[in-house]
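Following: one structure in structure tokens, then a few remarks.
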Amino acid sequence: MRQVRRRVRRPLQVAAAPVLTNYIKFVINTSTVISDPPNWLTRAQALHPSIIALWHGQFLLLPGIYPPVIPGRAMISRHDDAEALARVLRYFGLGLIRGAGAGTRRRDRGGAEAAHGAVASLREDFSIAMTADIPPGPARKCGLGIVMIGSRSGRPIVPFAVATSRYRAVNSWDSMTVNLPFSKLGIVMGDAISVPREAGARELEVYRQRVEAALNETTASAYALAGADMTRATPPSITELFS
């Protein structure tokens, strides 16, 4: 049965890729873009190679916004369901690092291999884009993986967020956001966070919390810049913490 599902999924993913690519371009081209800081591209070039950190569910427009002048690769799951996104990333000029953290799951999802690939990519002068939280949650809780990559590579972690005034949120663990065209589009880049190479377990935890707080702040700032209410884009697990 699993093989049957795979045979069905792959052609669907292949067919979805050009549709998603054109949709991303349509949303960006019909929206008014505002960024904070206004010179975020210049800053990104100065920080290159860097680790561009986002939350799960908030990355739909990243492939179309990622500056082609900065060589980059994106970390993406090896799962068949990620094939459409993988093809979209390639279309926009981003290389791929396949694998993801296991989170609460016991099976190997290629996280260690992906981490090695990320460090190697940074040493090869590629910036990398990756989500800081790990499926299946909890959402918006930064994992140690991104912090350890920052420590081992010696490269800065840069909190990044994109939001639109018009969007729909999917009922999923990460409240996956589908950005809509004819929006006000906010791009926010937070301050870079450098993790010491010699950081031990306690210090890594301190930086993990720092990245988590910075990503939450950056994401909230992007929604505010776009003039959007981010309530619907906030996972239930996060909403419950402040209720």
(message) Cβ-Cβ distance below 8 Å, separation of 6 or more or different chains: which pairs start in the range 65-92 with a residue that is charged (D, E, K, R) and end on one that is open to solvent by less than 30 Å² (accessible area, probe 1.4 Å) and in a loop (DSSP other than H, G, I, E, B)?
(response) 73/94; 78/99
(message) Suppose we filter 59, 26 for residues that are in contact with a strand residue (DSSP E or B) (Cβ under 8 Å, 6 or more places away or on another chain) and open to solvent by 30 Å² or more (accessible area, probe 1.4 Å); which single one remains?
(response) 59
(request) Could you run through the range 50-67 and say how many residues are in a loop (DSSP other than H, G, I, E, B) and in contact with a Pro (Cβ under 8 Å, 6 or more places away or on another chain)? (result) 3
(request) Looking for whichever is touching a strand residue (DSSP E or B) at 6+ places or on another chain (Cβ under 8 Å), in a loop (DSSP other than H, G, I, E, B) and surrounded by fewer than 20 Cβ atoms within 10 Å (Cβ to Cβ) here; the options are 70, 34. Which one fits? (result) 70
(request) Would you confirm whether any residue within the range 79-86 is modelled with pLDDT of 95 or more, assigned to a loop (DSSP other than H, G, I, E, B) and surrounded by fewer than 20 Cβ atoms within 10 Å (Cβ to Cβ)? (result) no
(message) Restricting to the range 123-133, give me the number of residues that are farther than 12 Å from residue 58 by Cα and either open to solvent by 50 Å² or more (accessible area, probe 1.4 Å) or hydroxyl-bearing (Ser, Thr, Tyr) (or both).
(response) 5
(request) Can you work out which of the residues in the range 199-233 that are of a type in the set (Asp, Glu) and in contact (Cβ under 8 Å) with a residue 24 or more places away in the chain is most open to solvent (accessible area, probe 1.4 Å)? (result) 217
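The values are calculated or read from the model by the stated rules, or taken from the named source; none is laboratory data. Everything quoted here is computed from the prediction, not taken from an experiment. Cβ sites come from the backbone with ideal geometry, for glycine too, and all protein chains shown count toward neighbours. Heavy atoms of the whole protein, side chains included, go into the accessibility calculation; ligands, DNA and RNA do not. Shrake-Rupley method; radii C 1.70, N 1.55, O 1.52, S 1.80 Å.
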